[in-house]
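Dropping the structure in here first, questions after.
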Amino acid sequence: MSTNLRSFSLDYFNLNGKIAIVTGANKGLGQAYAVALAKAGADLFIVSRSGDCEETRQLIMEAGRRAECFQADLSNRKEVKQVAAKCVEVFGKIDILVNNAGTILRSPLVEYREEDWDKVMEVNLNSLYLLSQEAAKVMVEPRSGKIINIASMLSFQGGKFVPPYTASKHAVAGLTKAFANELAEYNIQINAIAPGYIATDNTAPIRADEKRNAEILSRIPARRWADPSDLMGTVVFLASKASDYMNGHIVAVDGGWLAR
């Protein structure tokens with residue numbers, strides 16, 4: 001019998017002493033991820049483009065953890081490369097990286113502007129690659145780390161009117177697997193969360209469209225939009241010792257959307 005059967009406990013999900021970076025953590029899913037990690041015991045380095053992360057910081061402090069805010073435009077590669085270095089300067093290490101920040105611009109393919117393609121790819125893909133690379137450099141020496149990318153239902157499907165978003169989210173799934181193959185030997189696990197349809201500010205226009213809202217709900221077996229809190233347990237699992245042998249996986253949290 002494996003001796004680990006007796007050693008397993010809920011402490012495997014405990015993040016006490018861990019330092020986590022979460023990008024786009026000022027609202028929505030990013031805020032939920034940051035608060036979840038704090039409630040599990042981690043201290044947070046939260047990154048937002050606006051720098052307005054006071055609400056998230058207060059929620060983290062209410063959980064008894066420390067939070068430091070950092071303003072960075074992730075469409076600017078120079079600023080992206082400053083994130084990991086600044087976290088190490090403030091906290092001394094990086095244990096967890098959640099690449100949550102992203103953007104979406106909608107337009108028919110024949111009307112899509114080249115500059116909009118570039119903007120979406122820069123934020124959704126290039127910043128994720130560069131920030132993961134910088135964080136991995138920090139994690140390799142202690143041979144420990146978790147990188148959690150945020151994929152999408154459009155990592156599996158095509159969608160409409162969002163060609164760069166779809167391309168970037170397919171690429172996020174691919175990079176998750178590529179990173180896992182290289183970094184597993186250093187005890188660094190890289191996985192991704194693919195959220196389904198979530199009730200956030202970004203999806204408010206869709207939910208307000210009676211026809212489109214009904215179409216979406218008709219395909220979700222759970223018969224409801226997700227709340228950001230529905231993703232909190234998944235991010236804690238992927239950030240914790242409980243997922244140490246899970247690598248290169250895309251976890252769909254979608255109420256059963258893909259099962260249809």
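Limited to region 35-83, what total is found for residues that are under 15 Å from the mean Cα position of the chain (by Cα) and touching a residue at least 60 places away in the same chain (Cβ under 8 Å)?
Counting residues in region 35-83 that are under 15 Å from the mean Cα position of the chain (by Cα) and touching a residue at least 60 places away in the same chain (Cβ under 8 Å) gives 3.
Would you mind finding the one in Gly30, Gly24 that is of a type outside the set (Asp, Glu), at negative phi and within 16 Å of the chain's Cα centre (by Cα)? Working first, answer last.
Values: Gly24 fails: at negative phi.
Only one candidate passes the filter, namely Gly30.
I'd like the residue in region 185-213 that is part of a helix (DSSP H, G or I) and in contact (Cβ under 8 Å) with a residue 40 or more places away in the chain and, out of all such residues, is farthest from Val120 (Cα to Cα). Outline the logic, then answer.
Going through region 185-213, the residues part of a helix (DSSP H, G or I) turn out to be 185-186, 201-208, 210-213.
Still in the list and also in contact (Cβ under 8 Å) with a residue 40 or more places away in the chain: 186, 201-202.
On the way: Tyr186: 31, Asp201: 18, Asn202: 15 Å.
Ranking the candidates gives Tyr186 first.
Next question. Please pick out the residue among Glu182, Glu134 that is among the charged types (D, E, K, R), in a helix (DSSP H, G or I), closer than 26 Å to Lys78 by Cα and without any contact (Cβ under 8 Å) to a residue 12 or more places away in the chain. Working first, answer last.
Values: Glu134 fails: without any contact (Cβ under 8 Å) to a residue 12 or more places away in the chain.
Step by step, each of Glu182, Glu134 is checked, and only Glu182 is among the charged types (D, E, K, R), in a helix (DSSP H, G or I), closer than 26 Å to Lys78 by Cα and without any contact (Cβ under 8 Å) to a residue 12 or more places away in the chain.
Still on this structure, please answer the following. Considering only residues of region 87-139 that are of a type in the set (Asp, Glu) and over 30 Å from Ser243 (Cβ atoms), which is farthest from the chain's Cα centre (by Cα)? Outline the logic, then answer.
Taking region 87-139 and keeping what is of a type in the set (Asp, Glu), we get 89, 95, 111, 114-116, 118, 122, 134.
The next check asks that each one be over 30 Å from Ser243 (Cβ atoms); those that pass are 111, 114-116, 118.
Values: Glu111: 30, Glu114: 26, Glu115: 25, Asp116: 22, Asp118: 21 Å.
Out of the qualifying residues, it is Glu111.
So, in region 1-21, how many residues would count as being modelled with pLDDT of 95 or more and either part of a loop (DSSP other than H, G, I, E, B) or at positive phi (or both)?
5
When region 178-217 is examined, which residues are found to be farther than 23 Å from Lys27 by Cβ, surrounded by 17 or more Cβ atoms within 10 Å (Cβ to Cβ) and not aromatic (Phe, Trp, Tyr)? Can you show your working first?
Step one: list which residues in region 178-217 are farther than 23 Å from Lys27 by Cβ, which gives 178-191, 210-211, 214-215, 217.
Okay, now just the ones that are also surrounded by 17 or more Cβ atoms within 10 Å (Cβ to Cβ), so 179-180, 183, 188-191.
Of everything in region 178-217, those that are farther than 23 Å from Lys27 by Cβ, surrounded by 17 or more Cβ atoms within 10 Å (Cβ to Cβ) and not aromatic (Phe, Trp, Tyr) turn out to be Ala180, Leu183, Ile188, Gln189, Ile190, Asn191.
A quick yes/no check of all residues on (1) farther than 30 Å from Trp225 by Cβ; (2) of a type outside the set (Gly, Ala, Ser):
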| residue | (1), (2) |
| --- | --- |
| Leu5 | yes, yes |
| Thr23 | no, yes |
| Asp43 | yes, yes |
| Ile46 | no, yes |
| Ile60 | no, yes |
| Leu74 | no, yes |
| Val83 | yes, yes |
| Asp95 | yes, yes |
| Gly102 | no, no |
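To continue, here is another question. Yes or no: Arg49 of a type in the set (D, E, K, R), out of contact with any Lys or Arg (no Cβ under 8 Å at 6 or more places or on another chain) and closer than 25 Å to Met139 by Cα? Can you show your working first?
Values: of a type in the set (D, E, K, R): yes; out of contact with any Lys or Arg (no Cβ under 8 Å at 6 or more places or on another chain): yes; closer than 25 Å to Met139 by Cα: yes.
Yes; evaluated as a whole, the condition is true for this residue.
Shifting gears a bit: Quick one: how many residues across region 1-34 are small (Gly, Ala, Ser) and without any contact (Cβ under 8 Å) to a residue 12 or more places away in the chain?
Initial filter on region 1-34 (small (Gly, Ala, Ser)): 2, 7, 9, 17, 20, 24-25, 28, 30, 32, 34.
Then keep just the ones that are without any contact (Cβ under 8 Å) to a residue 12 or more places away in the chain; that gives 2, 7, 9.
Summing the residues that are small (Gly, Ala, Ser) and without any contact (Cβ under 8 Å) to a residue 12 or more places away in the chain in region 1-34 gives 3.
Another one. Can you work out which of the residues in region 218-239 that are in a loop (DSSP other than H, G, I, E, B) and touching a strand residue (DSSP E or B) at 6+ places or on another chain (Cβ under 8 Å) is surrounded by the fewest Cβ atoms within 10 Å (Cβ to Cβ)? Before the answer, list the steps.
Filtering region 218-239 for residues in a loop (DSSP other than H, G, I, E, B) gives 220-225, 227.
Keeping just the survivors that are touching a strand residue (DSSP E or B) at 6+ places or on another chain (Cβ under 8 Å) gives 225, 227.
Numbers: Trp225: 19, Asp227: 12.
Per the criteria, the residue is Asp227.
Next question, about the same structure. Out of curiosity, is Tyr165 modelled with pLDDT of 95 or more and either crowded, with 23+ Cβ neighbours inside 10 Å or within 19 Å of the chain's Cα centre (by Cα) (or both)?
Numbers: modelled with pLDDT of 95 or more: yes; either crowded, with 23+ Cβ neighbours inside 10 Å or within 19 Å of the chain's Cα centre (by Cα) (or both): yes.
Considered against the rule, which asks whether it is modelled with pLDDT of 95 or more and either crowded, with 23+ Cβ neighbours inside 10 Å or within 19 Å of the chain's Cα centre (by Cα) (or both), Tyr165 comes out as yes.
A further question follows. Could you please let me know if Gly233 is within 30 Å of Arg143 (Cα to Cα) and in contact (Cβ under 8 Å) with a residue 60 or more places away in the chain?
Values: within 30 Å of Arg143 (Cα to Cα): yes; in contact (Cβ under 8 Å) with a residue 60 or more places away in the chain: yes.
It is true that Gly233 is within 30 Å of Arg143 (Cα to Cα) and in contact (Cβ under 8 Å) with a residue 60 or more places away in the chain.
While we're looking at this one, here's another question. Please pick out the residue among Ala214, Ala192 that is in contact with a strand residue (DSSP E or B) (Cβ under 6 Å, 6 or more places away or on another chain) and not basic (Lys, Arg). Steps first, answer last, please.
Values: Ala214 fails: in contact with a strand residue (DSSP E or B) (Cβ under 6 Å, 6 or more places away or on another chain).
Exactly one residue qualifies, and that residue is Ala192.
A further question on this structure: When residues of region 240-250 are filtered for being in contact with a helix residue (DSSP H, G or I) (Cβ under 6 Å, 6 or more places away or on another chain) and either surrounded by fewer than 21 Cβ atoms within 10 Å (Cβ to Cβ) or within 16 Å of Ala151 (Cα to Cα) (or both), how many remain? Write out each step before concluding.
Pass one, region 240-250, residues in contact with a helix residue (DSSP H, G or I) (Cβ under 6 Å, 6 or more places away or on another chain): 240-243, 247-248, 250.
Within this subset, residues satisfying the condition of being either surrounded by fewer than 21 Cβ atoms within 10 Å (Cβ to Cβ) or within 16 Å of Ala151 (Cα to Cα) (or both) are 241-243, 247-248, 250.
Number satisfying all stated conditions: 6.
Give the residue that is nearest to Pro195 (Cα to Cα), with candidates limited to residues of region 1-21 that are of a type in the set (A, V, I, L, M, F, W, C) and surrounded by fewer than 12 Cβ atoms within 10 Å (Cβ to Cβ).
Leu10
The values are calculated or read from the model by the stated rules, or taken from the named source; none is laboratory data. Since we're looking at a predicted model, the values are computed, not measured. Quick reminder, even Gly has a Cβ in these numbers, built from the backbone with ideal geometry, and neighbours come from all protein chains shown.
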